[in-house]
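*Asks:* One structure, pasted below without further comment.
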Amino acid sequence: MNRGALRGQSCDLTGDCLDFAIMKFRFPLILVSLFAMACSGQKPDPAGPLGLGDAAPAVSGVMDSGATLSLADLYAAHDYTLVYFYPKAGTSGCTAQGCSLRDSYEDLLAKGVTVVGVSTDSVAEQKAFRQAHGFPFPLIADTDNKVMDAFGVGTYPGSNNAQRQAFLIKDSKVIWLDKTASTSQQAADVLRVIAGM
């Protein structure tokens, strides 16, 4: 379309005029949306939140040992997989949550549950956290938020810290989720859910 042809003629927003108007305003609208998102401190949520019955994300992450862990392999190898997200290694609430799972780990294993923790801490921070408290399960250092994004887990305002959430997976499907995961009662909650199935 010749833009010069638009000059001096009325436009009833039909045909070529409508196409031109849409193209003229599309780019500024995209810029405004991106600017608003940046100012709010939020990032796009590519996966969206998971719901009951949804397929569990087949994503991999780097563990506290530095090795890569495939969650899909974990789902296939165990009756249940608990993937829990916590904000910050070494803080009181995250320590209580991990110790709850550590202290009941034999009971969880007896029910076929394996556990993996996820936060945005570095490999070194996860390793130190695990060693300090003797956690018998791996911790994923999700520094690029890949695992969080796959599960649709957001961050707390003003930080890159994962929101505290937990997902119980069976046959590669989410069968229970806790959007406000307990700290000291995390293991008890999981065992209660399994006992009720």
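Readers should treat all values here as calculations from the given coordinates under stated rules, not as data from a laboratory. None of these values were measured; they are calculated from a predicted model. Neighbour counts run over all protein chains shown; Cβ positions are idealised from the backbone, glycine included.
*Asks:* Quote to one decimal, in nm, the extra length available between S159 and K146 on full extension: 0.36 nm per residue of separation minus the C-alpha distance between them.
*Replies:* 3.1 nm
*Asks:* Could you work out how far apart the two model spin labels at D171 and A110 are, taking each label as a point 7 Å from the Cα in the direction of the beta carbon, and quote it in nm?
*Replies:* For D171 paired with A110, the spin-label model returns 2.6 nm.
*Asks:* Just going by the charge dipole of the stretch 60-195, with Lys and Arg at +1 and Asp and Glu at -1 on Cβ, which of S184, Y75, S119 is farthest out on the positive end?
*Replies:* Result: S184, furthest along the dipole toward the positive end.
*Asks:* Report the residues of the stretch 126-159 in range of a label on A55: point 7 Å along Cα→C-beta, backbone N strictly under 20 Å from it.
*Replies:* Under cut-off, by backbone N: 146-153.
*Asks:* Moving to a separate point now. Considering only Cα-Cα distances, which of the following residue pairs are longer than 20 Å: K88/K170; K111/K173; K88/K127; K88/K173; K111/K179?
*Replies:* K88/K170; K88/K173; K111/K179
*Asks:* Here's something else I'd like to know. Could you tell me how far the Cα centroid of the stretch 121-192 sits from the Cα centroid of the stretch 48-88, in Å?
*Replies:* Cα centres, the stretch 48-88 to the stretch 121-192: 9 Å.
*Asks:* Long-range amide H contacts for I140: which residues qualify at under 5 Å (H placed 1.01 Å from N, peptide plane, sequence gap of 5 or more or a different chain)?
*Replies:* Answer set, sorted by chain and number: G117, V118, S119.
*Asks:* In whole percent, what relative contact order does the stretch 79-172 give with Cα contacts below 8 Å and a gap of six or more residues?
*Replies:* 42 percent
*Asks:* Another one. In nm, to one decimal, how far is the modelled label at D73 from the one at D103, with both set 7 Å along Cα→Cβ?
*Replies:* 3.3 nm
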